[in-house]
Amino acid sequence: MKIKIAVVGLGIGKMHIKYYKQIPDVEIVGAVDTNPEVLKQVSNEFNIRSFPSVDDLLSETRPDGVSICTPPGSHLALTRIFAKHGIHILCEKPMAPKISDCRKMIDICEKNKVYLMIGFKKRFSPTYKFLKEKFEGDFGLPKWTLARFALGRVEKEWFWDENDGGGPIRENTVHMIDLLCFLLGKVKRVYAEGGNLFMPEFSPQIDTAIFTLRFENGSIAGVGAGYASEWRFAKEQVTFVTEKVICEVIGSFDNPRNIQYIYRNNPSQVFEKYFEQPDGFFEEIEHFVDCIKNNTRPAVGGEEGLYALKVCEAVKKSVFKRRPISF
């Protein structure tokens, strides 16, 4: 039996459709967007039905699951609609503009007995899954981590709106924050320096920050993030250092293809691994479908989405308050 899927929001939603199309057990029953030209283009490209509104979609069909790929300010309202129809939800990050909205989304989905999965694709990246296994095995847990995760220019109004995307620290850096929590555990303290350095038209929204995270297990991490690059030059570089191993992840932004590592007791020998498709996007989509098919809870749900948002807000608060923020 086919798993029926709908996609709402056809920006990043087009990538969701692309990967759903690669799964034999999936039937895409509808795509929703308010832009008629985008609807027509997507409908023709993927040979799927398109709808100008969620109401139109639900009057015609009832999917088993939906990808919510609209700006974050709409996530709570859409979650409420689909959950009440008993439809499982994969919601793009960030989960919502407010902590209280995240909690409402979790409660709504639990009340209506539907799954809520948050689109933290880096957890499904073959690169970082390899490292997760190694950190829990012979590498040992990183004690020192340094990440460069600076994105290129984004000029969409909703991206910078504090009541919607919330700027690059919330809308994009949330990926790296969730990844570090996935690999290293809970955060104990945040300290950040940053501000509106490059995009005065969106002031006072924070456009860039450099921040440190101290984790409950004693690990420390530094992150450079925000609009501090341009897309042709944007890179993803993360160095992890354990008692036994020094490891570097290198790739273009959102494509951590290469890993190099050495063991401290044999620093002359360099090990290398290469990953053809490292972003984790397909694996994320496949996992959501499997959860619906097998009636199993997603590996990354609303609680993880809420926690990552709390850390994002602590980074921003630290910039404005000019002091560390403790959890």
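Condition (residue is surrounded by fewer than 18 Cβ atoms within 10 Å (Cβ to Cβ) and either over 17 Å from Val249 (Cβ atoms) or at pLDDT below 95 (or both)) applied to segment 164-181: is it met by at least one residue? Explain how you work it out, then say what you get.
As a first pass, look at segment 164-181 and keep what is surrounded by fewer than 18 Cβ atoms within 10 Å (Cβ to Cβ): none.
There is no residue in segment 164-181 that is surrounded by fewer than 18 Cβ atoms within 10 Å (Cβ to Cβ) and either over 17 Å from Val249 (Cβ atoms) or at pLDDT below 95 (or both).
Please find, among Gln41, Gln22, the residue that is part of a loop (DSSP other than H, G, I, E, B) and either at pLDDT 95 or above or in contact with a strand residue (DSSP E or B) (Cβ under 6 Å, 6 or more places away or on another chain) (or both).
Numbers: Gln41 fails: part of a loop (DSSP other than H, G, I, E, B).
On inspection, the qualifying residue turns out to be Gln22.
Given the conditions (1) in contact with a helix residue (DSSP H, G or I) (Cβ under 7 Å, 6 or more places away or on another chain); (2) among the β-branched types (Val, Ile, Thr); (3) closer than 17 Å to Cys247 by Cα, which single one is not true for Ile108?
All conditions pass for Ile108, except number (3).
Can you name the number of the only condition in (1) outside any helix (DSSP H, G or I); (2) surrounded by fewer than 20 Cβ atoms within 10 Å (Cβ to Cβ); (3) in contact (Cβ under 8 Å) with a residue 60 or more places away in the chain that Ile106 fails?
(1)
Could you pull out the residue among Ser229, Ser268, Ser219 that is surrounded by 16 or more Cβ atoms within 10 Å (Cβ to Cβ), of a type in the set (S, T, N, Q) and more than 30 Å from Pro200 (Cβ to Cβ)? First the steps, then the outcome.
Numbers: Ser229 fails: more than 30 Å from Pro200 (Cβ to Cβ); Ser268 fails: surrounded by 16 or more Cβ atoms within 10 Å (Cβ to Cβ).
Being surrounded by 16 or more Cβ atoms within 10 Å (Cβ to Cβ), of a type in the set (S, T, N, Q) and more than 30 Å from Pro200 (Cβ to Cβ) holds for just one of Ser229, Ser268, Ser219, which is Ser219.
Is there any pair linking a residue in segment 42-60 that is over 15 Å from Gly11 (Cα atoms) to one that is assigned to a loop (DSSP other than H, G, I, E, B), with Cβ under 7 Å and at least six apart or on different chains, and which?
Leu58/His85
The values are calculated or read from the model by the stated rules, or taken from the named source; none is laboratory data. Predicted model, so just to flag it, every value in this text is computed and none were measured. Every residue, glycine among them, receives a Cβ derived from its backbone with ideal geometry; neighbour counts consider all protein chains shown.
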